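Working notes for the structure below.
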Amino acid sequence: MNSIYFSEEHQLFRASFRDFLQKEVVPHIEQWEKSGTIDRFIWKKMGEMGFFGINYPTQYGGLNLDLFYTVIFLEELQKIKSSGFAAAMWAHAYLAMTHLNAEGDERIKQEYLAPSIAGDKIGALCVTEPFGGSDVAGMRTTAVKSGDTYIINGSKTFITNGVYADYYIVAAKTQPELGNKGISIFLVDTTTPGISATKLDKLGWRASDTAEIAFDNVEIPAGNLMGELNKGFPYIMQHFAFERLIMAINAHARAEYAIDYTIEYMEQRQAFGTTINKFQALRHTLVEHATEVEHCKIFNYAAIARLDKGEYVVKEATMAKLKSTKVADDAIYSCLQMLGGYGYMEEYPLARLFRDSRLGPIGGGTSEIMKEILSKMILDKQNYKPAVE
């Protein structure tokens with residue numbers, strides 16, 4: 001499988017990124033998990049190494065590489081005992097920056113995309129609302145045109161990087177009477193008056209900053225409208241396929257990490273006169289999980305390969321997120337059990353992995369939403385097409 005999707009250059013990149021994480025990130029993880037704040041210097045170092053520009057255009061400082069470099073980026077981030085740190089990095093690089101690159105005009109790309117690639121600016125995508133959850137079309141935040149400005153009022157929640165971001169990509173209704181056909185996308189600099197962000201206290205992803213954000217008569221230039229007026233919903237939906245694949249890849253990678261760690265533990269832990277990797281019940285349980293994770297990984301890679309060719313893989317991405325996040329949760333649950341009491345201790349990685357993994361079936365659209373989307377495609381024969389070519 002590796003020879004199908006990963007070249008020697010890919011493997012060199014993996015080794016380089018893994019080495020960078022061990023030297024520059026891992027020594028700080030425990031402090032960031034405790035404080036819930038990732039020090040600013042690491043964003044700059046990530047940018048200087050090109051890790052935020054993997055698949056972005058070279059004219060803005062990117063590397064314009066294929067999506068399997070992104071797969072490596074995501075996989076390795078899941079294997080340093082902090083899904084929170086990983087989330088902060090990929091939410092910046094693949095949620096906020098994806099919209100900058102796809103819908104931003106040249107000015108926005110020069111002023112925000114290029115500094116984001118360099119690690120000088122941090123971005124956050126603001127779509128989810130307190131009363132909406134996965135119901136994007138039900139958002140209440142509004143953006144009203146007033147001369148050469150838009151006035152934004154409303155709130156967003158569960159926003160990764162929401163407190164220390166330098167800019168937000170905000171979805172708001174410009175014509176509320178049109179429902180999901182009246183949503184637009186805006187760039188909002190976080191220095192703009194009227195913005196308040198409150199840090200949320202989470203079960204997992206402790207290192208990442210997740211916020212509820214309020215917009216109180218926030219006035220932005222009309223030029224900060226991104227893309228076409230009232231095309232926000234199609235833009236969001238089109239990018240969801242990539243986000244779901246990101247969540248799926250994260251899931252299979254953290255499950256692999258949990259299984260590898262558990263195998264190493266079982267080789268050393270002794271009970272009843274032998275190492276516990278000789279106990280049939282544990283062996284069979286572990287290989288069953290390993291098999292499911294491998295199935296997910298192969299499926300995820302195939303979907304990424306198609307996406308990299310420009311295909312619209314909304315069905316496959318939805319399936320990938322639904323299945324991979326469930327498989328990861330189940331595998332990590334069993335791995336924690338195999339460590340016994342030690343699995344419940346904070347000094348062992350399974351406790352944190354257990355908490356962090358639980359967000360998988362919730363974030364980026366719940367598993368229930370994934371099932372409904374698939375039901376419409378499979379049972380109702382609904383055919384989703386790219387909203388914007």
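Numerical summary
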| item | result |
| --- | --- |
| Solvent-accessible ranking of 373, 304, largest area first, probe 1.4 Å | 373, 304 |
| ³J(HN,Hα) computed for each position of region 37-44 - Karplus, 6.51 cos²θ - 1.76 cosθ + 1.60, integer Hz, glycine/proline x | 9, 8, 4, 4, 4, 6, 5, 5 |
| Solvent exposure ordering (accessible area, 1.4 Å, most first) of 28, 284, 99 | 284, 28, 99 |
| Rg to Rh, two decimals, where region 1-135 supplies the alpha carbon set and Rh follows Kirkwood | 0.98 |
| In Hz, Karplus ³J(HN,Hα) per residue of region 9-17 (6.51, -1.76, 1.60; θ = phi - 60°; x = Gly, Pro) | 5, 4, 5, 5, 5, 4, 4, 5, 5 |
| For region 243-291: rounded, prolate or oblate by the Cα gyration tensor [a/c cutoff 1.5] | prolate |
| Using alpha carbons only: equivalent-ellipsoid semi-axes of region 1-40, gyration tensor based, whole Å | 30, 10, 7 |
| Region 57-176: antiparallel DSSP beta bridges as a percent of all, rounded to 5 | 50 percent |
| Amide H within-cut-off set for residue 141, under 5 Å, with H built and near neighbours excluded | 155, 173 |
| For the chain, projected area of the alpha-carbon convex hull averaged over all directions, nm² | 19.5 nm² |
| Dimensions (Å) - region 348-389, Cα atoms, principal axes, largest first | 46, 26, 10 |
| Debye log10 I(q)/I(0) for region 275-328, one point scatterer per Cα, at q = 0.15, 0.19, 0.24 Å⁻¹ | -0.51, -0.67, -0.87 |
| Prolate/oblate/rounded call for region 201-255, Cα gyration tensor, a/c under 1.5 rounded | oblate |
| Under-5 Å amide H pairs with residue 81, H placed in peptide plane, nonlocal only | none |
| Carbon + sulfur, % of accessible area of the chain - ligands and nucleic acids excluded, 1.4 Å | 52 percent |
| Relative intensity, log₁₀ I(q)/I(0), of region 296-356 from a Debye sum that treats every alpha carbon as a point, q = 0.18, 0.24, 0.25, 0.26 Å⁻¹ | -0.67, -0.86, -0.90, -0.95 |
| Dipole of region 264-389, positive direction: furthest Cα of 373, 293, 307, with charges on the beta-carbon | 373 |
| Over region 121-241: Kirkwood hydrodynamic radius from C-alpha pairwise inverse distances, Å | 14.3 Å |
| Kirkwood hydrodynamic radius (C-alpha pairs) into Stokes-Einstein, region 220-349, 25 °C and 0.890 mPa s, D in µm²/s | 145 µm²/s |
| Pair residue 49, residue 12: separation of 7 Å Cα→Cβ label points (nm) | 1.7 nm |
| Where the chain is the region considered: accessible area per residue in Å², 1.4 Å probe | 44 Å² |
| Leading residue at positive end of dipole, the chain (Cβ point charges), from 82, 53, 153 | 82 |
| Residues of region 252-285 with amide N under 11 Å of the 7 Å Cα→Cβ point at residue 291 | 284-285 |
| Rounded to the nearest 20 debye, dipole of region 164-254 from Cβ charges on Lys, Arg, Asp, Glu | 440 debye |
| Exposure rank, largest accessible area first [231, 371, 321, 173; 1.4 Å] | 371, 231, 173, 321 |
| Check: region 1-97 dipole with +1 on Lys, Arg Cβ and -1 on Asp, Glu Cβ, in debye | 260 debye |
| Gain upon complete extension [residue 228, residue 110; 0.36 nm per residue less C-alpha separation] | 40.6 nm |
| For residue 150, residues with placed amide H under 5 Å, excluding near neighbours | 220, 222 |
| Using θ = phi - 60° and Karplus 6.51 cos²θ - 1.76 cosθ + 1.60, couplings along region 141-158 (whole Hz; Gly, Pro as x) | 4, 10, 10, 9, 5, 9, x, 9, 9, 10, 10, 9, 9, x, 8, 10, 9, 6 |
| Fraction in percent of alpha-carbon pairs per bin - 5 Å, region 274-389 | 2, 11, 16, 17, 18, 12, 9, 7, 5, 3, 1, 0, 0 |
| Long-range lysine pairs (8 or more apart or interchain), region 123-212, Cα under 23 Å | 8 |
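The values are calculated or read from the model by the stated rules, or taken from the named source; none is laboratory data. Here the structure is a predicted model, which is why all the values come from computation and not from measurement. We place every Cβ from the backbone using ideal geometry, glycine too, and count neighbours over all the protein chains shown. All accessible areas refer to the heavy atoms of the entire protein, side chains included, with ligands and DNA or RNA removed. Shrake-Rupley method; radii C 1.70, N 1.55, O 1.52, S 1.80 Å.
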